[in-house]
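Remarks on the structure that follows.
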């Protein structure tokens, strides 16, 4: 089984904080921008109560569970189970059988 490599880095878009480039293992890549520029997240300083409010507000979003969307990556990495981005990356890698390189 081929392990996919994903790269997390700062986005160059004015409105987004992060960009993830997903290697599909073939000749194509998927790029998704996520996280509002300057916005507070669970990994930056938000509380459990604020995390739950964020999840409630976004869980009905069209692409909430679609791995090829920005909201999915915000949920998994910025609003994930841990307040540590590093720990959320480890969980993400395990869930997706991938290697996520953090270039932030």
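Numerical summary
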read-out	value
Residues of the stretch 59-71 that turn out to be assigned to a helix (DSSP H, G or I) and either more than 17 Å from residue 16 (Cα to Cα) or touching a residue at least 40 places away in the same chain (Cβ under 8 Å) (or both), as a count	1
Residues located in the stretch 73-90, provided they are assigned to a helix (DSSP H, G or I) and touching a residue at least 24 places away in the same chain (Cβ under 8 Å)	73, 74, 77, 78, 85, 88, 89
Members of the stretch 20-40 found to be part of a loop (DSSP other than H, G, I, E, B) and at negative phi, listed by number	24, 26, 27, 28, 37, 39, 40
Test: residue in the stretch 54-67 that is surrounded by 12 or more Cβ atoms within 10 Å (Cβ to Cβ), in contact with a strand residue (DSSP E or B) (Cβ under 9 Å, 6 or more places away or on another chain) and at pLDDT below 95	yes
Matching residues, the stretch 41-53, being more than 15 Å from residue 104 (Cβ to Cβ), in a loop (DSSP other than H, G, I, E, B) and either at pLDDT 95 or above or touching a strand residue (DSSP E or B) at 6+ places or on another chain (Cβ under 7 Å) (or both)	42, 46, 47
Qualifying residues in the stretch 1-38 (those that are out of contact with any strand residue (DSSP E or B) (no Cβ under 9 Å at 6 or more places or on another chain) and modelled with pLDDT under 90) - the one surrounded by the most Cβ atoms within 10 Å (Cβ to Cβ)	2
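The values are calculated or read from the model by the stated rules, or taken from the named source; none is laboratory data. All values reported here derive from a predicted model rather than from experimental measurement. Note: ideal-geometry Cβ built from the backbone for every residue, glycine included; neighbour counts use all protein chains shown.
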